[in-house]
Amino acid sequence: MQVQARDNVLIPIPVRVLQSVKETPDSITLTLDLRLNHKPGQFMQISVMGVGEAPISIASWGGNSTTLHIRQVGNVTGALGNCRAGDTVFVRGPYGNGFPMDETWKQSLILVGGGCGVAPLRGVIQHILRHRADYGEVAAFLGFRSPAELIFQSDIERWRKSISLNVSFDAMQEACSIKATEGFVTELLRQTEVPLERTTAFLCGPPIMMSIASDILREKGLPEEKLYLSMERLMYCGAGECCHCMIGGHYACVDGPVFRWNEIKEHVRE
């Protein structure tokens, strides 16, 4: 039976796994039987009984289910990687501050994502495609270490029909089935002409990638107040109480994870 998120987002609720897809050797995508009313860029806490809990970015927007992309790097995420359709996990949320979709109405958008940082941008793109007439030009730059690390391949092929989509791999170590270039995604961004008038940029990925991409976009002329970064931290409570996710006086779980660049510019590389 489908579950809807409760008003009290501090209480975990049991949710059935609808689908588990192995994306890469160390990551999976879980589809949950959960209907959410959230902003792209927010996150949830997901737990496995007897193992623990971890914060995971929401990789979808709208619809009757919720998608989470999970990189298996610890006990909790490793246990989540063993989940199969029909299993039960526990979730609470959504939490945090998402990307400003309402504020960017009728504007052009630049999206830059690296690795698992592409997951929150998947929700942004789904929002855009469901409201395509509400936005101007959309240019997405998605970077991965190699073709073996590619995620959301079927989505990427579909997105190309509606937005300008550019994919790069740090190294072409094996054959690639999609159109892509070799090199860092930041260099691809530097070499590509992007819209700047009435434009906002959303970045999500490794700190060094976001720092370099921010510099490139500002050098191209994008105002710093039009630049947003998703700054992930280990967010335990989700309510700004435990202080584990503080960034320069801000709590990533409450004030973020999406921040305007000038709010956290001194802490981007941390």
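Bear in mind these aren't lab numbers, they're just calculated from the coordinates by the rules spelled out. On a predicted model such as this, the values are computed, not experimentally measured, just so you know. Cβ coordinates were reconstructed from backbone atoms using ideal geometry, including for glycine residues, and neighbour counts include every protein chain displayed.
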| Kirkwood-based Rg to Rh ratio, the chain, C-alpha trace | 0.94
| task | Could you work out how far helix 118-130 tilts from the main Cα principal axis of the chain, as a 0 to 90 degree angle to the nearest 10? | result | 80 degrees
| note | Helix 207-220 sits off the longest principal axis of the Cα atoms of the chain, rounded to the nearest 10 on a 0 to 90 degree scale, by 30 degrees
| the chain: Cys lacking any partner C-beta under 4.7 angstrom | 83, 116, 176, 204, 243, 245, 253
| said: Need one number: nm distance between label points at residue 51 and residue 130, each 7 Å from Cα along Cα→Cβ, rounded to one decimal. | reply: 2.8 nm
| Under the definition of Cα pairs under 8 Å and six or more residues apart, what whole-number percent is the relative contact order of the chain? | 17 percent
| said: Give the aspartates and glutamates reachable from residue 220 as a straight Cα distance under 14 Å; neighbours fewer than 8 places away on the same chain don't count. | reply: 187, 193, 197
| said: For the chain, give me the percentage of DSSP beta bridges that are antiparallel, rounded to the nearest 5 percent. | reply: 55 percent
| task | Using only Cα atoms, locate the centre of region 21-42 and the centre of region 208-259, then give the distance between them in Å, rounded to an integer. | result | 21 Å
| Under 25 Å Cα-Cα from residue 226, which lysines qualify once same-chain neighbours fewer than 8 residues away are excluded? | 39, 106, 265
| request: Would you please classify the overall shape of region 173-270 from the alpha carbon gyration tensor, given that a ≥ b ≥ c denote the square roots of the eigenvalues, rounded means a/c under 1.5, and beyond that prolate means a/b larger than b/c while oblate covers the rest? | output: oblate
